[in-house]
Protein chains: 2
Amino acid sequence: MKPIYQRIADDLREQIADGSLPPGGKLPTEADLREKYGTSARSTVRQGLSLLVNEGLIVPRRAKGYFVREMRPLVYRPQSKFRRRPPEVDIYTHLLVSEGDERRPSQDIEVSIVEASTTVRSRLQLKSTDLVAVRRRTRRLDGEAYNLNDSYAALSLVEGSEWMMPTDVARGTNQVLAELGKELVRALDEIYVRMPTPEEVRRLQLGPGTPVAEHVVTTFAADDSPVQVTINVVPGDRHVIVYERVKDPDDFEQRPRSNWGAE
Amino acid sequence: MKPIYQRIADDLREQIADGSLPPGGKLPTEADLREKYGTSARSTVRQGLSLLVNEGLIVPRRAKGYFVREMRPLVYRPQSKFRRRPPEVDIYTHLLVSEGDERRPSQDIEVSIVEASTTVRSRLQLKSTDLVAVRRRTRRLDGEAYNLNDSYAALSLVEGSEWMMPTDVARGTNQVLAELGKELVRALDEIYVRMPTPEEVRRLQLGPGTPVAEHVVTTFAADDSPVQVTINVVPGDRHVIVYERVKDPDDFEQRPRSNWGAE
DNA sequence: TGATGCGCATTGACTGGACAATGACCCTCG
DNA sequence: CGAGGGTCATTGTCCAGTCAATGCGCATCA
């Protein structure tokens, strides 16, 4: 016999899945459920509801009730552009972006000098004594934070340059790096999927049960030296990460059984 | 004044972060914490601990206690291979894979014919009446499931071919598709970050507080028609998703201020 | 009319328990 | 010495409440 709180969660989860509880819809109150399942201990009902909250399916609103979560993901493209973009692609990627999305973007920029964390240090191949400059950006849409973007570079490289200006750099910071003799020609992307830290919950105003992707980009110059590490934190409920890949002809020769389309 | 259960969670979280509670280490028992925080209602202490559980930081083991979670991520590469792989890259990507990782891979394969879900249908541009074949794979490492990989293709395309054999196809299913006149030349990757469904929790034996990445790969033939959709579900605590990008020269001309290294 | 305040419904935090299930350990007995 | 059983520590499930905080609507009053 399954525990009561699980039955409550399972029943509600199914109702959400089959649409009888639509996005934005209101769930039964704790009192309703207490009666319906005869359990009559508020904590049991709350335990069941908390499961759904932690799955990111519902959100509680104090003094209002529990509601089915709604989300409208944005397309997040690590690749700057697509070489080919046939009409078919747009058919569904377009569905992801809300039609007539007129929310205005803005961002906070903050630059400081810090000791490198291990994450940054190992990727930039620095000694533990080296300092790095960090350019922290919080990106917003109509005032609401939607992702965090922190770029790190060796202080010795960017000191005194425009890279360190806490304002928007019109021609792009990568152009600044190029002028410093470090044109970026290659990037390695690592994507970690995890729950957010309380700090991230605060900065991104995340609801409970919202995981994040930590997207770490290490960029390299032509001589294969690492130049910059960018850590993007993107909330899972507000983004889809999109990549396009084209077949590399060399690949086929060397490895007939490629895992194209899979892992 | 912060609620007691949050103080408990914050204190423990900090101890985990600074290493005084190392991975695999045992946390104080509920009784210890009850005493320490003078709260003396088990539910309050449990509420605090459940926060950390849902953040994926700790796991409870019945009749044993709570323990700090340990994880050893595998590298998950949607791209079949890297054209250039300078030594620097390996320095840290290698750290991710446990040294001397001798776990043996295996997989279950199961093929069936189903109606296409909206996700699959829109990507394969099918009519609602069309049927699709699905090739479901559960991949294991030493018997333990580590990701799910379901490929969908129009039934009319793959019916009767080796694609539908529920066994390993030596030369690869993509080669089979090529022989059917649909060589895969391009792919679109979409990555969604979310909490797992109970079904996924069961199949992947996920601990609480473990988010997943849903990696949807749509592959196209030379004529830009969609051929196959593969949905990979990869647990966040066991994988790092890695991509490499090289600068496209065209890119620079058309769009001087590229977002190379960022979003 | 418009601002103020009161009550009500609902979730948030917490109390102080009970009994069940499980895994580890120790002791006993063959 | 090994198998089996019993005890104990610890988490899992559940009970039956209390008081606080909050958002909303409604009635009151200037």
- Scanning segment A:214-234 residue by residue, those out of contact with any strand residue (DSSP E or B) (no Cβ under 6 Å at 6 or more places or on another chain) and more than 7 Å from chain B (Cβ to nearest Cβ) turn out to be A:ASP223, A:SER225
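Filter segment B:1-10 down to residues that are assigned to a helix (DSSP H, G or I) and either touching a residue at least 12 places away in the same chain (Cβ under 8 Å) or open to solvent by 60 Å² or more (accessible area, probe 1.4 Å) (or both) and give me whichever is farthest from DNA strand C (Cβ to nearest atom). Let's see the steps before the verdict.
Residues of segment B:1-10 assigned to a helix (DSSP H, G or I): B:4-10.
Right, trim to either touching a residue at least 12 places away in the same chain (Cβ under 8 Å) or open to solvent by 60 Å² or more (accessible area, probe 1.4 Å) (or both) and you get B:4-9.
Details: B:ILE4: 4, B:TYR5: 4, B:GLN6: 7, B:ARG7: 8, B:ILE8: 9, B:ALA9: 10 Å.
Per the criteria, the residue is B:ALA9.
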- Looking at (1) open to solvent by 80 Å² or more (accessible area, probe 1.4 Å); (2) more than 12 Å from DNA strand D (Cβ to nearest atom), find the lone condition where A:LEU57 falls short. (1)
- Query: Is it true that B:LEU51 is outside any loop (DSSP other than H, G, I, E, B) and either under 30 Å from B:ARG194 (Cβ atoms) or near DNA strand D (Cβ under 8 Å from one of its atoms) (or both)?
  - Reply: yes
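For every residue, the table says whether it meets (1) touching an Asp or Glu at 6+ places or on another chain (Cβ under 8 Å); (2) hydrophobic (A, V, I, L, M, F, W, C).
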site: B:ARG171; (1), (2): no, no
site: B:LEU180; (1), (2): no, yes
site: B:VAL185; (1), (2): no, yes
site: B:ILE191; (1), (2): yes, yes
site: B:VAL201; (1), (2): no, yes
site: B:LEU204; (1), (2): no, yes
site: B:PRO211; (1), (2): no, no
site: B:ALA222; (1), (2): yes, yes
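Which members of segment B:15-46 meet the condition of being touching a Ser or Thr at 6+ places or on another chain (Cβ under 9 Å) and either within 11 Å of DNA strand D (Cβ to nearest atom) or in a helix (DSSP H, G or I) (or both)?
B:ALA17, B:LEU33, B:ARG34, B:SER43, B:VAL45
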- Taking segment B:16-43 as the region of interest, how many residues are more than 28 Å from the chain's Cα centre (by Cα) and open to solvent by 30 Å² or more (accessible area, probe 1.4 Å)? 14
- Query: Does A:TYR152 satisfy the condition of being closer than 30 Å to B:GLY56 by Cβ, assigned to a strand (DSSP E or B), touching an Asp or Glu at 6+ places or on another chain (Cβ under 8 Å) and open to solvent by 20 Å² or more (accessible area, probe 1.4 Å)?
  - Reply: no
- Return the residue satisfying two criteria in turn: it lies in segment B:198-213 and is more than 8 Å from chain A (Cβ to nearest Cβ) and without any contact (Cβ under 8 Å) to a residue 24 or more places away in the chain, and of such residues it is most open to solvent (accessible area, probe 1.4 Å). B:ARG202
- Message: Contact list please: Cβ distance under 7 Å, first residue in segment B:34-55 and under 16 Å from B:ILE16 (Cβ atoms), second residue open to solvent by less than 50 Å² (accessible area, probe 1.4 Å) and among the hydroxyl-bearing types (Ser, Thr, Tyr), pairs at least six apart or on different chains.
- Response: B:LEU49/B:TYR66
- Query: Which one of these does A:TRP163 not meet: (1) assigned to a helix (DSSP H, G or I); (2) open to solvent by 20 Å² or more (accessible area, probe 1.4 Å)?
  - Reply: (2)
- Within segment A:215-234, the count of residues that are closer than 16 Å to B:GLY236 by Cβ and either among the β-branched types (Val, Ile, Thr) or not assigned by TED's automatic domain parsing to the domain that holds A:TYR152 (or both) comes to 3
- Consider A:GLU14 carefully, then state whether it is within 24 Å of B:GLU199 (Cα to Cα), away from DNA strand C (no atom under 13 Å from the Cβ), out of contact with any Pro (no Cβ under 9 Å at 6 or more places or on another chain) and within 14 Å of chain B (Cβ to nearest Cβ). yes
- Query: On the given criteria, is A:GLU244 of a type in the set (Asp, Glu) and more than 8 Å from chain B (Cβ to nearest Cβ)?
  - Reply: no
- Working carefully through the options B:VAL134, B:VAL169, find the one that is assigned to a loop (DSSP other than H, G, I, E, B) and either in contact with a helix residue (DSSP H, G or I) (Cβ under 9 Å, 6 or more places away or on another chain) or surrounded by 16 or more Cβ atoms within 10 Å (Cβ to Cβ) (or both). B:VAL169
- Item | Hits in segment B:69-120 (condition: over 18 Å from the mean Cα position of the chain (by Cα), at pLDDT 70 or above and either hydrophobic (A, V, I, L, M, F, W, C) or open to solvent by 60 Å² or more (accessible area, probe 1.4 Å) (or both)) | B:ILE109, B:GLU110, B:VAL111, B:ILE113, B:VAL114, B:GLU115, B:ALA116, B:THR118, B:VAL120
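The values are calculated or read from the model by the stated rules, or taken from the named source; none is laboratory data. Predicted model, so just to flag it, every value in this text is computed and none were measured. Here the Cβ is made from the backbone with ideal geometry for all residues, glycine too, and neighbour counts use every protein chain on show. Side chains included, ligands, DNA and RNA excluded: accessible areas come from the protein's heavy atoms. Shrake-Rupley method; radii C 1.70, N 1.55, O 1.52, S 1.80 Å.
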